[in-house]
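Have a look at the structure below, then the notes.
The values are calculated or read from the model by the stated rules, or taken from the named source; none is laboratory data. Small disclaimer: the values here were computed from a predicted structure and weren't measured. Cβ sites come from the backbone with ideal geometry, for glycine too, and all protein chains shown count toward neighbours. Side chains included, ligands, DNA and RNA excluded: accessible areas come from the protein's heavy atoms. Shrake-Rupley method; radii C 1.70, N 1.55, O 1.52, S 1.80 Å.
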Amino acid sequence: MSILKELKRSDHPRVLGAIDIFKYIGPGLLVTVGFIDPGNWASNFAAGSDFGYSLLWVVTLSTIMLIILQHNVAHLGIVTGLCLSEAAVKYSPKWLGRPIIVSGFLASISTSLAEILGGAIALQMLFGISIPNGALLTTAAVLIMLFTNSYKRMEKAIIGFVSMIGLAFLYELILVDIPWETALKGAFIPSVPQGSLMIVMSVLGAVVMPHNLFLHSEIVQSREIYLKGEERIKKMLKYEFVDTLFSMIIGWAINSAMILLAASTFFAHGEHVSELAQAQAMLTPLLGNNAANIFAIALLLAGISSTITSGMAAGSIFAGLFNEAYNVKDAHSIIGIVLSLGIALLVIFFLGDPFKGLIVSQMVLSIQLPFTVFLQVSLTSSKRVMGRYVNRKSTTTLLYFLAALVSGLNIWLLIELIK
């Protein structure tokens, strides 16, 4: 019997399929979808159109943080056979673990709102469908995919979506002139222009997303699940880092491309982007009809694929509250998916400003993030939970520093808002 099978309860077996396209690359790409979602689009285009290349560093810093955090939470899943939600229920005090999990579920609703809204905006761009009707269509399509497709097929489809989105933005970039010296300076030298803090927090929340930490700890267990012996666990841990690093770099490149595109087309021409549809319309005279259409199609793909992963994350978080693994055929996982997507859809019907809704939804994720990170680090730093694979002291120190950094930025944001 495999080590993971011994560690994992069998009353609710996982139904996660392995990816055959690459031997070790896979789960990280599912997570990558989560931070190239429509919320990222709104945050990145706002950053680029309002502040040029000066906030590129936020994407760079966020991606470094993301690699460290996602790598750490993936280890939790591999070693314990539990997702973050399940591990919190099993090992954390009820007064601490459960409230954080509930807040994580609320964050998944905020994520789902951004994803569904992005798909709806794309449908409006392409076919003139109203936002509410587009949101209904997006939600229905995602629910059908989640409840009828095998994960093996879904994972391949999502990898295809990520590839198409990346190619779309690469195509857009070759049509514009980038002052690369200025762009490189913005990517690695931090600066916080006046009035940019909310956008900084929005970009941070759009990249380092709480639901992705829960999701990664779940889906990483779909890779080579029949492990035998310590050597196989060590090998899986090593290749997981390759998967995470490769996938997060792709996400960094796509997010940076969005800011570069917004800065070179909108900021350079003194144009402010206040909605994604406006961004598409403005691209037409600047870059031509093909660029505008590719923008809308890529947004639709991002909306659908990221809604799928946010639904999976919500199901995993909710099922974990009942000490169960994510299983799309299990009642608690189904309830989690339906609640997250359903509540997000309901909010969209009462949303006055879709673009601002996207920005605020990402800021909400940034505010919740420290709670999830502190929970994660407390678990992966516990020898009772991780055994011989417990975090080194240096790793624990670094992880707590990252959590404190995000907390500090949140406090700064609140102070600025009160002013």
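The table that follows gives values for the structure above.
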| read-out | value |
| --- | --- |
| Filter result (more than 28 Å from T244 (Cα to Cα) and in a loop (DSSP other than H, G, I, E, B)) within the range 168-217 | L175, V176, D177, I178, P179, V192, P193, Q194, G195, S196 |
| Whichever residue in the range 257-274 is on the phi < 0 side of the Ramachandran plot and open to solvent by 10 Å² or more (accessible area, probe 1.4 Å) and, among such residues, is nearest to the chain's Cα centre (by Cα) | L260 |
| Within the range 158-179, considering residues that are open to solvent by 50 Å² or more (accessible area, probe 1.4 Å) and either of a type in the set (D, E, K, R) or in contact (Cβ under 8 Å) with a residue 12 or more places away in the chain (or both), the one nearest to I415 (Cα to Cα) | P179 |
| Scan of the range 124-157 for residues that are modelled with pLDDT of 90 or more and open to solvent by less than 20 Å² (accessible area, probe 1.4 Å), ordered by number | G134, A135, T138, T139, V142 |
| Residues that are in contact (Cβ under 8 Å) with a residue 12 or more places away in the chain and open to solvent by 70 Å² or more (accessible area, probe 1.4 Å), drawn from the range 180-194 | T182, K185, F188, I189, P190 |
| Residue in the range 44-62 that is of a type in the set (F, W, Y), open to solvent by less than 10 Å² (accessible area, probe 1.4 Å) and out of contact with any Gly (no Cβ under 8 Å at 6 or more places or on another chain) present | yes |
| Positions within the range 303-329 being farther than 18 Å from A135 by Cβ and surrounded by 24 or more Cβ atoms within 10 Å (Cβ to Cβ), in sequence order | M312, A313, G315, S316, I317, F318, A319, G320, A325, Y326 |
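Here's the yes/no breakdown for (1) at pLDDT below 80; (2) surrounded by fewer than 19 Cβ atoms within 10 Å (Cβ to Cβ):
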site: I359; (1), (2): yes, no
site: M363; (1), (2): yes, no
site: L375; (1), (2): no, no
site: M386; (1), (2): no, yes
site: R392; (1), (2): no, yes
site: Y400; (1), (2): no, yes
site: A404; (1), (2): no, yes
